[in-house]
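K.L.:
Here it is, the structure, as structure tokens.
The values are calculated or read from the model by the stated rules, or taken from the named source; none is laboratory data. Bear in mind the structure is a predicted one, so any value in this text is a computation, not a measurement. All Cβ positions, glycine included, derive from the backbone under ideal geometry; neighbour counts span all protein chains shown. For accessibility, only protein heavy atoms count, side chains too; no ligands or nucleic acids. Shrake-Rupley method; radii C 1.70, N 1.55, O 1.52, S 1.80 Å.
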2 protein chains.
Amino acid sequence: MSKRSGKLVRWMLWVVAVLALFFLGFLIGWFAKPAHPEKTNPPSSQYLQEFLEEMQPSQIREHLRKFTRLPHLAGTEQNLKYAEQIQKEWQEFGLDSVEMVPYDVLLSYPNASQPNYIAIVDANGDEIFTTSLAEPVPEGYEDIGDIVPPYSAFSPKGQPEGDLVYVNYGRTEDFFQLERQMGINVTGKIVIVRYGKIFRGNKVKNAMLAGAKGIILFSDPADYSAEGVKPYPEGWNLPGGGAQRGNVMNLNGAGDALTPGYPAKEYTYRTSPEDGVGLPSIPVHPIGYHDAFHLLKNMGGPTPPSNWKGALNVSYRIGPGFTDDVKNQSVRMNIYTNIKVTRIYNVIGRIRGALEPDRYVILGGHRDAWVFGGIDPMSGAAVVHEVVRSAGKFVSKGWRPRRTIIFASWDAEEFGLLGSTEWAEDNARLLQERAVAYINADSGIEGMYTLRVDCTPSLHTLVYDLTKQLASPESDEEGLSLYESWHKKDNWTNDRDAPRINKLGSGSDFEAYFVRLGIAAGRARYTKNWKTERYSSFPVYHTVYETFEVVENFYDPTFRRLRTVAQMRGGLTFLLADSQIIPLDANQYALSLQKYARSIAVLGQGHMEEMQKYKVSFDSLFSAVENFTVAARDFHERLQNINTADPLQVRAMNDQLMYLERAFIDPLGLPGRPFYRHVIFAPSSHNKYAGESFPGIYDALFNIEDSADQEKAWNEVKRQISIAAFTVHAAAMTLTPPA
Amino acid sequence: MSKRSGKLVRWMLWVVAVLALFFLGFLIGWFAKPAHPEKTNPPSSQYLQEFLEEMQPSQIREHLRKFTRLPHLAGTEQNLKYAEQIQKEWQEFGLDSVEMVPYDVLLSYPNASQPNYIAIVDANGDEIFTTSLAEPVPEGYEDIGDIVPPYSAFSPKGQPEGDLVYVNYGRTEDFFQLERQMGINVTGKIVIVRYGKIFRGNKVKNAMLAGAKGIILFSDPADYSAEGVKPYPEGWNLPGGGAQRGNVMNLNGAGDALTPGYPAKEYTYRTSPEDGVGLPSIPVHPIGYHDAFHLLKNMGGPTPPSNWKGALNVSYRIGPGFTDDVKNQSVRMNIYTNIKVTRIYNVIGRIRGALEPDRYVILGGHRDAWVFGGIDPMSGAAVVHEVVRSAGKFVSKGWRPRRTIIFASWDAEEFGLLGSTEWAEDNARLLQERAVAYINADSGIEGMYTLRVDCTPSLHTLVYDLTKQLASPESDEEGLSLYESWHKKDNWTNDRDAPRINKLGSGSDFEAYFVRLGIAAGRARYTKNWKTERYSSFPVYHTVYETFEVVENFYDPTFRRLRTVAQMRGGLTFLLADSQIIPLDANQYALSLQKYARSIAVLGQGHMEEMQKYKVSFDSLFSAVENFTVAARDFHERLQNINTADPLQVRAMNDQLMYLERAFIDPLGLPGRPFYRHVIFAPSSHNKYAGESFPGIYDALFNIEDSADQEKAWNEVKRQISIAAFTVHAAAMTLTPPA
């Protein structure tokens, strides 16, 4: 080999080696790159902590201060101004878009020139006592106009006059007791019932069904005072001059009464008010306990059972009418309230998802208030405002969640969840196809004790996980996690050693999203100790005394409790929007279904004989729940083993998680309640606030006793069991491998 | 520099250079690899051609031969045997899975020991004429048992006796003419109407509403004979002894009459038959024209309008009753048909999608036949069998479509689309979330002229594209594409120079998928020349003469027409399942909506005065359609520009395409028809076979004339316009960018 050729060979070897190295590099480069690059953001948890820490008590205080200076009833100029301010600030915070979405819905206001009141009239028809026309205005707010006096929204006009009958809380069981045990008929009478225990609309419906011609709602101190607490402003109890406003509709999820099923747009056809959904047919009016004392003190008739007695210094006699010495006196209601189609405004803000802009996580809560809304809803709205500020700050820094986040400031919640329901109707198709979860934000605080969460079972695990990452806001619990504090104060049951989580009922804006559309939903707030604090809601609920000061002076002086609520609502929203795998847990749904099936079966077994006679069995339901349990377990096992680098595999499994809640929706709805379509959860027919599990079966069983045709009534039970069993089977199917 | 250090430097330079090269290679490798590798299959079109060419006339002939040897009525042993055979063969063809899915539904059969017939009775009540108990059996089939005699399925039992009234086709307009112009009341009479023009169930409903106590359906030669064609077996016309079987339900999409809304499983609650959906309340029976001649020949009463006259040698007098000389004779129906909950079987086969197993394209058609089902449905089922064989062959070779394909052999279509509807109910949630399209496969051929396609507007473009790739099957059209042949023979209108495509009506298994669930749907078959061939359906429809031979000897001797139908049904399925971008066209939907809006507005303008008086306007509808048109155009523009290498972007746009049809679904359903939920298309209330656009508005306008309360009737028109406008707006929203 010549030197030259040797050099050539060496040269060629070099070239080959270099090429080989280049090729090796190419190959390593090729294979080093993930085939399906997923989001390259660091794990969510890092950002989660930063995000949670961004939220500040002082900011929440400032938001609350700003939005509680003036009354902002739905449909008023001031509520539109707040909407515009929120729109502007959300834009400044850094959201991608913030739009104002109006609807024209039926609202109800007192007649400005003819006030509502109730009178005692003597034999000549002269009014010898009249209830107050307004609540005494709290200090510092004396110059503020536009404070709507206490009234029952959507009461018809009318001046019914007659004898009073006292019916305790006006519950189904109270009317049963009145009619069946006491033998008292309220036809043609005016019933007076105390506020509390159930939604006021249910009381009105019960009174209508019983034949009453009017209904008076009063706040009894027994139900609106905490022990050892003074009335506002010295404490946070209800003063005697305060009265609870509120709507008295039975909408059953219909939204605007004139456009059920469709958004109340300009071009939308409206039924006449006579055909409106859920409007009461008898006058209704709320009063405080000072006025109630005067109506109750002379009542005659039988003495009440002890659990019908409130805390006023009266005998709580049932009536009808007054004692013998004033027998000739009667009661007249003077109601002049008007209904009116009025424009309302939702504010809708968005952060576009980086990878899945077509998947939505919604954080929504209402803005409209009866007066200042210090607690309801602004303690919640301030929290949402702080979540938006914190999220906006991250977006400004270049961060973007995997999925789209939608923030909503709803209008006219107080008139029947109108803003949220109309928007749900407007966007039903998009939501059905794309909504991952809905987090609700009504009042952020109703007590000073611990956390309260109501949510769908598939959110249980996420809620626990998040609370373990948060600190207790209580000053005497330093070092304790929120989970530990909550667990200590409200353990679920003997069966389950974990903090209690409640079923969703209704009475707030999640209703259309959860019960009509089947979107996984949850809500979190700070609450009282339910074991020891037996008053209803919080004492100054829906009165003029719901001010900024009631929060700052009593409920949350450091605003740390509300910060915790912000972290809960914001954290849930964040994790649902940004986790690669949607953090919903089908196994928890299975556990809950097992529990609900057992308890509805126990209810059925109260009628063992008829169950046998009519061949009623819960076997198909138990078998379906078992099937669901296996499907859920298998699903989560498969989920452990998917290739998280494959975007289509991830998307498909996420779709199964997203659509799990949807699977419980039956488009035919519950009997007589076409907009309550969730087969597992619906508001109770007897109390809208409470959530009923297997509501179709429950109602069918409840109706057994009253039914003249027992076979027909039991057939309805069988039909409802069959529907529930099918629905649970169908939901199980959605969790199995798709092909 | 020493030699040694020089060498070191050179060495280091080398190392650096080599490393640089390696790094360069790495970088090139990294970037050369697509970030989001999509399916590496060659373009679909290559496989499409191979797939289309795989389908063979001889194979279709063999399938048809095999599955038409024996009668296979729904619910019989033989129909189960065919199901098992199909299951076995589909497995052998190479499908991933083939399962048998049973339901227990209400069917209806003649009483084996007490035959149904109609008699003329004399004054003594003696039957002096009786209709035939069965059709003369065609040659070659004499030894076959289990041929069900002609009957009207779901007729109640009964022996009504009375005078006949002839009401032409029994259409709404025929009864209007009878009552309003001729002043004849059919209360307590037996009506006799000829088959044709509309679905027989509508005739029965009209007779019931008019007060008749029985209804006789007869096939008039005018409606069941083609000119110049001999009766079977010499030709393909209906013989005088043939009579059309068929169900006479008015289910309106409910499926099984006893389990509306839910699948008829073993555990499912069943209503009593009295509460069943759509069951007729008066006896019904079908007869051929030989028998009809005897019933009609002596009829008295007024002479009919000329368009009421058929082709029998009788006067077609209206009645009631016979001519004076036989006035004392009357007609008695003897109907003993039973209803019975019976097990039926769907066969469901699957090819799992390679990339998107959770997206479904369905090709389904029924298997059950009234007798042999030579045309209906086996000419279609043979075609599906051939599509499955061809697809299976590809799967065996390792091919797999992008999306899952589901093949279905439905049972009990003839009894009200039961098998397909129960399966749709069973799988409603999966289908709503995952179904891309449903291709229907009933009778493959009903004429010898050209192609017929009925489909949703978004499939128009795909249908045209596919037909351009296929050859005409006509022997005298060599070199002509199917598109060219079809276009030549059936141009749409003067407005649109393209082959005619029809709206979907009902009367076949796509109904639950399209009208209830909102899945894009279409059907294709070979048809007659509708301009010149005016007979109804095809003459031997639903008779014993629907044999293999009627196809082999007359309709498609070379089986090339059916091959073309196989290529259409298979090709549509293939392209929907395998195209990266789902080949649905929103622009075509926009075009159709424009057309439908114009024509419903024209209908309204027939009442100009009232429209003004009641302030009825179609403006909101036109504005919504305009909005939809813009959204569709913009969507397809964006679709042109997406990064097709990004799987999530492709999936999101495909989801928008998939859910477009779903957007037209209103869960509240049409008035009184809860299972017809499509706001744009529904079966006509007057003829189930026909598709009505904007059916809610149409029906509201139709009802104007009959309404005592005009304001109320016009309010319903306004409400329906509002619902339609909203729905079109909502559909437009689904096409806009998702966040």
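K.L.:
Output the residues belonging to the stretch B:176-219 that are assigned to a strand (DSSP E or B), more than 19 Å from residue B:333 (Cα to Cα) and of a type in the set (Val, Ile, Thr).
P.N.:
Of the residues in the stretch B:176-219, the ones assigned to a strand (DSSP E or B) are B:190-194, B:196, B:198, B:214-218.
Narrowing further to those that are more than 19 Å from residue B:333 (Cα to Cα): B:196, B:198.
B:198 - this is the single residue of the stretch B:176-219 that is assigned to a strand (DSSP E or B), more than 19 Å from residue B:333 (Cα to Cα) and of a type in the set (Val, Ile, Thr).
K.L.:
Looking at (1) open to solvent by 10 Å² or more (accessible area, probe 1.4 Å); (2) hydrophobic (A, V, I, L, M, F, W, C); (3) farther than 30 Å from residue B:729 by Cβ, which is the only condition residue A:428 fails?
P.N.:
Condition not satisfied by residue A:428: (3).
K.L.:
In the stretch B:639-670, which residue that is without any contact (Cβ under 8 Å) to a residue 40 or more places away in the chain and not in a helix (DSSP H, G or I) is surrounded by the most Cβ atoms within 10 Å (Cβ to Cβ)?
P.N.:
Selected residue: B:670.
K.L.:
Which residues, counting only those in the stretch A:220-235, are outside any loop (DSSP other than H, G, I, E, B) and either out of contact with any helix residue (DSSP H, G or I) (no Cβ under 6 Å at 6 or more places or on another chain) or among the acidic types (Asp, Glu) (or both)? Give the derivation first.
P.N.:
Within the stretch A:220-235, the first condition is being outside any loop (DSSP other than H, G, I, E, B), and the residues that meet it are A:221-224, A:231.
Scanning the stretch A:220-235 gives A:222, A:223, A:224, A:231.
K.L.:
Here's something else I'd like to know. Out of all the residues in the stretch B:671-683, which are surrounded by 22 or more Cβ atoms within 10 Å (Cβ to Cβ) and either in contact with a Cys (Cβ under 8 Å, 6 or more places away or on another chain) or more than 10 Å from chain A (Cβ to nearest Cβ) (or both)?
P.N.:
Restricting attention to the stretch B:671-683, the residues satisfying the condition of being surrounded by 22 or more Cβ atoms within 10 Å (Cβ to Cβ) are B:675-676, B:678-683.
Of everything in the stretch B:671-683, those that are surrounded by 22 or more Cβ atoms within 10 Å (Cβ to Cβ) and either in contact with a Cys (Cβ under 8 Å, 6 or more places away or on another chain) or more than 10 Å from chain A (Cβ to nearest Cβ) (or both) turn out to be B:676, B:678, B:679, B:680, B:681, B:682, B:683.
K.L.:
What residue, among those in the stretch B:255-267 that are within 8 Å of another protein chain (Cβ to nearest Cβ) and touching a strand residue (DSSP E or B) at 6+ places or on another chain (Cβ under 8 Å), is surrounded by the most Cβ atoms within 10 Å (Cβ to Cβ)?
P.N.:
The first filter runs over the stretch B:255-267 and keeps only residues within 8 Å of another protein chain (Cβ to nearest Cβ), leaving B:261-263, B:265, B:267.
Of the ones still in play, those that are also touching a strand residue (DSSP E or B) at 6+ places or on another chain (Cβ under 8 Å) are B:263, B:265.
Details: B:263: 23, B:265: 18.
Result: B:263.
K.L.:
Considering only the stretch B:619-630, state which residues are within 30 Å of residue B:683 (Cβ to Cβ) and either open to solvent by 10 Å² or more (accessible area, probe 1.4 Å) or at pLDDT below 95 (or both). Give the steps one after another, and end with the answer.
P.N.:
Taking the stretch B:619-630 first, the residues within 30 Å of residue B:683 (Cβ to Cβ) are B:619-629.
Within the stretch B:619-630, B:619, B:620, B:622, B:623, B:626, B:627, B:629 qualify.
K.L.:
While we're on this one: When residue A:101 is evaluated against the numbered criteria (1) open to solvent by 50 Å² or more (accessible area, probe 1.4 Å); (2) outside any loop (DSSP other than H, G, I, E, B); (3) under 30 Å from residue A:388 (Cα atoms), which criterion, by number, is the only one it fails?
P.N.:
Checking residue A:101 against (1) open to solvent by 50 Å² or more (accessible area, probe 1.4 Å); (2) outside any loop (DSSP other than H, G, I, E, B); (3) under 30 Å from residue A:388 (Cα atoms), the one that fails is (1).
K.L.:
Related question: Is it true that some residue in the stretch A:247-256 is modelled with pLDDT of 95 or more and outside any loop (DSSP other than H, G, I, E, B)?
P.N.:
The first filter runs over the stretch A:247-256 and keeps only residues modelled with pLDDT of 95 or more, leaving A:247-256.
Checking which are outside any loop (DSSP other than H, G, I, E, B) leaves us with A:247.
Within the stretch A:247-256, one or more residues are modelled with pLDDT of 95 or more and outside any loop (DSSP other than H, G, I, E, B).
K.L.:
With respect to residue A:302, determine if the residue is open to solvent by 20 Å² or more (accessible area, probe 1.4 Å) and touching an Asp or Glu at 6+ places or on another chain (Cβ under 9 Å). Show your work before the answer.
P.N.:
Values: open to solvent by 20 Å² or more (accessible area, probe 1.4 Å): yes; touching an Asp or Glu at 6+ places or on another chain (Cβ under 9 Å): no.
In short, no.
K.L.:
Within the stretch B:561-595, how many residues turn out to be under 23 Å from the mean Cα position of the chain (by Cα) and within 24 Å of residue B:408 (Cα to Cα)?
P.N.:
Within the stretch B:561-595, the subset under 23 Å from the mean Cα position of the chain (by Cα) is B:561-577, B:582-586, B:588-593, B:595.
Next, from what is left, pick out any that are within 24 Å of residue B:408 (Cα to Cα): B:561-577, B:582-584.
Number of matching residues: 20.
K.L.:
Which pairs have Cβ atoms under 8 Å, sit 6 or more apart or on different chains, and link a residue in the stretch B:219-232 that is open to solvent by less than 40 Å² (accessible area, probe 1.4 Å) to one that is acidic (Asp, Glu)?
P.N.:
Matching pairs, first to second residue: B:226/B:533.
K.L.:
Still on this structure, please answer the following. Within the stretch B:687-739, take every residue that is of a type in the set (D, E, K, R), in a helix (DSSP H, G or I) and touching a residue at least 12 places away in the same chain (Cβ under 8 Å) and give me the one that is farthest from the other protein chains (Cβ to nearest Cβ).
P.N.:
Initial filter on the stretch B:687-739 (of a type in the set (D, E, K, R)): B:688, B:692, B:699, B:705-706, B:709, B:711-712, B:716, B:718-719.
Keeping just the survivors that are in a helix (DSSP H, G or I) gives B:699, B:711-712, B:716, B:718-719.
Next, from what is left, pick out any that are touching a residue at least 12 places away in the same chain (Cβ under 8 Å): B:699, B:711, B:716, B:718-719.
Working: B:699: 16, B:711: 10, B:716: 9, B:718: 5, B:719: 4 Å.
Checking each candidate, the answer is B:699.
K.L.:
Still on this model: Given the conditions (1) open to solvent by 20 Å² or more (accessible area, probe 1.4 Å); (2) in a helix (DSSP H, G or I), report the number of the one that residue A:486 does not fulfil.
P.N.:
Of (1) open to solvent by 20 Å² or more (accessible area, probe 1.4 Å); (2) in a helix (DSSP H, G or I), only one is false for residue A:486: (1).
K.L.:
Please list, ordered by first then second residue, the pairs with beta carbon atoms under 9 Å, 6 or more apart or interchain, first in the stretch B:311-328 and more than 19 Å from residue B:183 (Cβ to Cβ), second assigned to a loop (DSSP other than H, G, I, E, B) and among the hydroxyl-bearing types (Ser, Thr, Tyr).
P.N.:
Close Cβ pairs (under 9 Å, with a partner that is assigned to a loop (DSSP other than H, G, I, E, B) and among the hydroxyl-bearing types (Ser, Thr, Tyr)) amount to B:311/B:225; B:315/B:303.
K.L.:
For the stretch A:148-158, state whether one or more residues are without any contact (Cβ under 8 Å) to a residue 12 or more places away in the chain, open to solvent by 10 Å² or more (accessible area, probe 1.4 Å) and farther than 28 Å from residue A:534 by Cβ. Can you show your working first?
P.N.:
In the first step, residues of the stretch A:148-158 are kept if they are without any contact (Cβ under 8 Å) to a residue 12 or more places away in the chain; the result is none.
For the stretch A:148-158, residues without any contact (Cβ under 8 Å) to a residue 12 or more places away in the chain, open to solvent by 10 Å² or more (accessible area, probe 1.4 Å) and farther than 28 Å from residue A:534 by Cβ: absent.
K.L.:
Would it be correct to say that residue A:238 is touching a helix residue (DSSP H, G or I) at 6+ places or on another chain (Cβ under 6 Å), crowded, with 23+ Cβ neighbours inside 10 Å and more than 14 Å from chain B (Cβ to nearest Cβ)?
P.N.:
Values: touching a helix residue (DSSP H, G or I) at 6+ places or on another chain (Cβ under 6 Å): yes; crowded, with 23+ Cβ neighbours inside 10 Å: yes; more than 14 Å from chain B (Cβ to nearest Cβ): yes.
Against the criterion (touching a helix residue (DSSP H, G or I) at 6+ places or on another chain (Cβ under 6 Å), crowded, with 23+ Cβ neighbours inside 10 Å and more than 14 Å from chain B (Cβ to nearest Cβ)), residue A:238 qualifies.
K.L.:
Also, quick follow-up: Output the number of the condition that residue A:640 fails; it satisfies all remaining conditions of (1) under 28 Å from residue A:735 (Cα atoms); (2) within 11 Å of another protein chain (Cβ to nearest Cβ).
P.N.:
(2)
K.L.:
Given the conditions (1) open to solvent by 20 Å² or more (accessible area, probe 1.4 Å); (2) in contact (Cβ under 8 Å) with a residue 40 or more places away in the chain; (3) within 13 Å of chain A (Cβ to nearest Cβ), report the number of the one that residue B:634 does not fulfil.
P.N.:
Exception for residue B:634: condition (3).
K.L.:
Here's a follow-up. Which of the residues belonging to the stretch A:524-568 are farther than 19 Å from residue A:469 by Cβ, crowded, with 24+ Cβ neighbours inside 10 Å and of a type outside the set (Phe, Trp, Tyr)?
P.N.:
The answer is A:539, A:540, A:542, A:543, A:544, A:546, A:547, A:550, A:551, A:556.
K.L.:
Across the stretch B:159-184, what is the number of residues that are more than 30 Å from the chain's Cα centre (by Cα) and either closer than 29 Å to residue B:72 by Cα or open to solvent by 50 Å² or more (accessible area, probe 1.4 Å) (or both)?
P.N.:
Residues that pass the stated criteria total 8.
Each row is one residue, and each column tells you yes or no for (1) of a type in the set (Lys, Arg); (2) under 24 Å from residue B:79 (Cβ atoms); (3) surrounded by 24 or more Cβ atoms within 10 Å (Cβ to Cβ).
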| position | (1), (2), (3) |
| --- | --- |
| B:350 | yes, yes, no |
| B:354 | no, no, no |
| B:359 | yes, no, yes |
| B:366 | no, yes, yes |
| B:375 | no, yes, yes |
| B:383 | no, yes, yes |
| B:386 | no, yes, yes |
| B:392 | no, yes, no |
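K.L.:
Can you find even one residue in the stretch B:82-97 that is part of a loop (DSSP other than H, G, I, E, B), modelled with pLDDT of 95 or more, of a type in the set (Asp, Glu) and in contact with a strand residue (DSSP E or B) (Cβ under 9 Å, 6 or more places away or on another chain)? Write out each step before concluding.
P.N.:
Filtering the stretch B:82-97 for residues part of a loop (DSSP other than H, G, I, E, B) gives B:94-96.
Going one step further and asking which of them are modelled with pLDDT of 95 or more, we end up with B:94-96.
Next cut, of a type in the set (Asp, Glu) only: B:96.
Applying the additional criterion that residues be in contact with a strand residue (DSSP E or B) (Cβ under 9 Å, 6 or more places away or on another chain) yields B:96.
There is at least one residue in the stretch B:82-97 that is part of a loop (DSSP other than H, G, I, E, B), modelled with pLDDT of 95 or more, of a type in the set (Asp, Glu) and in contact with a strand residue (DSSP E or B) (Cβ under 9 Å, 6 or more places away or on another chain).
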